[in-house]
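Report on the structure given below.
The values are calculated or read from the model by the stated rules, or taken from the named source; none is laboratory data. Please read these numbers as outputs of a predicted model, since none were measured by experiment. Neighbour counts run over all protein chains shown; Cβ positions are idealised from the backbone, glycine included. Accessible surface is based on the protein model in full, side chains and every heavy atom, while ligands, DNA and RNA are left aside. Shrake-Rupley method; radii C 1.70, N 1.55, O 1.52, S 1.80 Å.
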Amino acid sequence: MAIERTLVLVKPDGVARRLVGEILSRFERAGLTIERMELVQATPERIMAHYPSSETWLRSVGEKTREAYARDGLDIAASFGSDDPLAIGRTVKSWLSAYMTGGPVVALMLSGNRAVELVRKLVGHTFPSAAAPGTIRGDYALDSPEVANAARRSIHNLVHASGSVAEAEEEIALWFGERPLTR
Ligand code: ADP
Ligand code: MG
């Protein structure tokens, strides 16, 4: 068995909407083990360290946004002042600090067979309208890039989940270990 660990954050909108129990129950009923859990008021520094600074990640955020705009026939340059994925990724990252420090988050370390992929599946797509019914984002979130971006803010989508085993280990160290905030 490929026992993995992964990091989940119930984001401030999830805590404010009293969805912590509902979200936790979905991970528990899938058989995942709760290893650690803590309610934390994050600082902007922690959030900037949590989300990668690598061009690869920034570009992937920009690309995903660009694809969604293209599919919906929306003008991304009008929203972001650029259609460059890296520039879009940087803008999105700059909004994450206000969102993720707007109230406490619940940090969770979960473990289980193929936990990283399984948790991503339970969480659903980044953009709620693209998240399948039955996923956390598909069932409880209603935000969209065009509404969020017009307000110059992040998409409110209730949960963060590590995207890969490597990302999970970095994030577990940041939230539950002792490691300087450099990334
Ligand atoms: P995920 O959380 O699904 O792994 P990403 O890592 O790509 O998604 O992005 C991190 C977070 O940034 C998202 O969960 C969402 O809150 C926010 N975000 C991503 N793209 C956009 C966008 N175009 N506009 C506003 N916020 C965004
Ligand atoms: Mg991600």
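Descriptive notes on the structure:
- Net charge dipole, the stretch 14-119: roughly 280 debye, given to the nearest 20, about the Cα centre with Cβ charges of +1 for Lys and Arg and -1 for Asp and Glu.
- Straight-line reach from residue 121: taking Cα to Cα under 22 Å and skipping same-chain neighbours fewer than 8 places apart, the lysines in range are 11, 64.
- The apolar share of the surface of the stretch 54-136, taken as the fraction of accessible area on carbon and sulfur atoms (1.4 Å probe, ligands and nucleic acids excluded), comes to 52 percent.
- Solvent exposure of the chain amounts to 48 Å² per residue of accessible area, where only protein heavy atoms count and the probe is 1.4 Å.
- Listed residues 95, 138, 54: farthest to the positive end of the dipole of the chain (Cβ charges): 138
- Each Lys and Arg contributes +1 and each Asp and Glu -1, all at the Cβ; summed about the Cα centre of the chain, the dipole is approximately 240 debye.
- Computed from the C-alpha gyration tensor, the three semi-axes of the ellipsoid equivalent to the stretch 31-153 are 26, 19, 14 Å, from longest to shortest.
- Phi angles across the stretch 19-28 convert, under the Karplus curve 6.51 cos²θ - 1.76 cosθ + 1.60 with θ = phi - 60°, into 3J(HN,Hα) values of 9, 4, x, 4, 5, 4, 5, 5, 6, 5 Hz, Gly and Pro given as x.
- Residue-wise HN-Hα coupling along the stretch 100-109, computed from phi with Karplus coefficients 6.51, -1.76, 1.60 (Hz; x: Gly, Pro): 7, 10, x, x, x, 10, 9, 8, 10, 10
- Seen against the Cα atoms of the chain and their longest principal axis, helix 165-176 is set at about 70 degrees.
- Taking every alpha-carbon pair under 8 Å whose residues sit at least 6 apart, the chain reaches a relative contact order of 37 percent.
- Shape category assigned to the stretch 1-47 from the gyration tensor of Cα positions, a/c cut at 1.5: oblate
- Rounded tilt (10° steps) of 55-71 against the dominant C-alpha axis of the chain: 60
- Amide H contacts of residue 37: 109, each under 5 Å away and 5 or more positions distant or on a separate chain (H built 1.01 Å from N in the peptide plane; Pro and chain starts excluded).
- Cα shape, the stretch 132-182, gyration tensor, a/c 1.5 rule: oblate
- For the stretch 141-149, 3J(HN,Hα) per residue [Karplus equation, 6.51 cos²θ - 1.76 cosθ + 1.60, θ = phi - 60°, Hz, x = Gly/Pro]: 10, 9, 7, 9, x, 5, 6, 5, 5
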